[in-house]
Amino acid sequence: MANEAAVWLGVQKDFEGNASTRMHLTQDMVAALLPALRRFVQNGSVALAETLAPTSPTSSKQLHARAIQIGDQVVPEYRNGKRSFSCGSHTAKRWQAAYDAALAVLQQLQARPVI
């Protein structure tokens, strides 16, 4: 990542002055996000239903398991068993951000029907 072109997303402090997590996105990561961002600009939804939405009512445990899978796909080096990272490491924070975002989207999709 040190030699790749990357952009920062996030803020150093939130509105209450608490430290917040920022993350780097490589060109490949941004390219993967662009279709969802374009859909959001066009219709106010990222329309991830075809890949993330449950096909039937899903338990909280299943949503968490799917969010973990997504976190592992976005930051595969975090939990691959080849190297250990501290809970406060940049890699751990990136994985947590991916997990949190995935869970939030999954919970929203679970709460309302996707059109």
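Scan segment 58-66 and give yes if some residue there is hydroxyl-bearing (Ser, Thr, Tyr), part of a helix (DSSP H, G or I), at pLDDT below 75 and over 30 Å from residue 3 (Cβ atoms), otherwise no. Give the derivation first.
Taking segment 58-66 and keeping what is hydroxyl-bearing (Ser, Thr, Tyr), we get 58-60.
This time we only want the ones that are part of a helix (DSSP H, G or I), so: 60.
Now restrict to residues that are at pLDDT below 75: none.
For segment 58-66, residues hydroxyl-bearing (Ser, Thr, Tyr), part of a helix (DSSP H, G or I), at pLDDT below 75 and over 30 Å from residue 3 (Cβ atoms): absent.
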(message) I'd like to know if segment 77-94 contains one or more residues that are without any contact (Cβ under 8 Å) to a residue 24 or more places away in the chain, closer than 22 Å to residue 29 by Cβ, surrounded by 14 or more Cβ atoms within 10 Å (Cβ to Cβ) and within 11 Å of the chain's Cα centre (by Cα).
(response) no
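Can you pull out every residue in segment 76-112 that is assigned to a loop (DSSP other than H, G, I, E, B) and under 17 Å from residue 10 (Cα atoms)? Talk me through it step by step, then tell me what you get.
Here is the first cut: in segment 76-112, the ones assigned to a loop (DSSP other than H, G, I, E, B) are 76-89, 112.
Scanning segment 76-112 gives 88, 89.
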(message) Of all residues being modelled with pLDDT of 85 or more and either among the charged types (D, E, K, R) or surrounded by 19 or more Cβ atoms within 10 Å (Cβ to Cβ) (or both) in segment 98-110, which is nearest to the chain's Cα centre (by Cα)? Just the residue, please.
(response) 98
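The values are calculated or read from the model by the stated rules, or taken from the named source; none is laboratory data. Just so it is clear, the model here is predicted, and its values are computed rather than measured. Here Cβ is always computed from backbone atoms with ideal geometry, including for glycine, and neighbour counts include all displayed protein chains.
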